[in-house]
Amino acid sequence: MVACGHAHPAPDPVVAPAKKYLAVLPAESDAFPGVARALSASLAAAKVGGIDEMRVSKVSLEVAQLSIECVEPTGACYEAVGRSMSANLPLQTAHSVTNTIGSMPMR
């Protein structure tokens, strides 16, 4: 007896979703060093849903930007810093918060 049948296509390989890496850069401020330290500590300890791994840089945003020669305060430069840290989700708050604090009027 002989049997014939159609070959079933192989199932698509299961591809694991890419891990999400969040880059955290420490705040830096000559005018408000205590605030910068507190902000940096808070950012480093933050728990962000959906993130597989946080990468806390040892250098500030300014130093990271200088190292990749992209110093403009633009999203493109911030993304380049994140890529240089092998992160796919850069957290760009340290620089903007310290700049905001520096521009706030004191009471």
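Miscellaneous remarks
- For the residues 2, 97, the requirement of being hydrophobic (A, V, I, L, M, F, W, C), out of contact with any His (no Cβ under 7 Å at 6 or more places or on another chain), surrounded by 12 or more Cβ atoms within 10 Å (Cβ to Cβ) and at pLDDT below 80 singles out 97.
- The stretch 50-67: number of residues that are in contact with a helix residue (DSSP H, G or I) (Cβ under 8 Å, 6 or more places away or on another chain) and over 8 Å from residue 21 (Cβ atoms): 9
- Tabulated pairs, the stretch 58-77, first within 15 Å of residue 26 (Cα to Cα), second β-branched (Val, Ile, Thr) and assigned to a helix (DSSP H, G or I), C-beta under 8 angstrom, 6+ apart or interchain: 61/81; 64/81; 65/81
- Of the residues making up the stretch 17-71, just one is of a type in the set (Phe, Trp, Tyr) and in a loop (DSSP other than H, G, I, E, B), namely 32.
The values are calculated or read from the model by the stated rules, or taken from the named source; none is laboratory data. None of these values were measured; they are calculated from a predicted model. Note: ideal-geometry Cβ built from the backbone for every residue, glycine included; neighbour counts use all protein chains shown.
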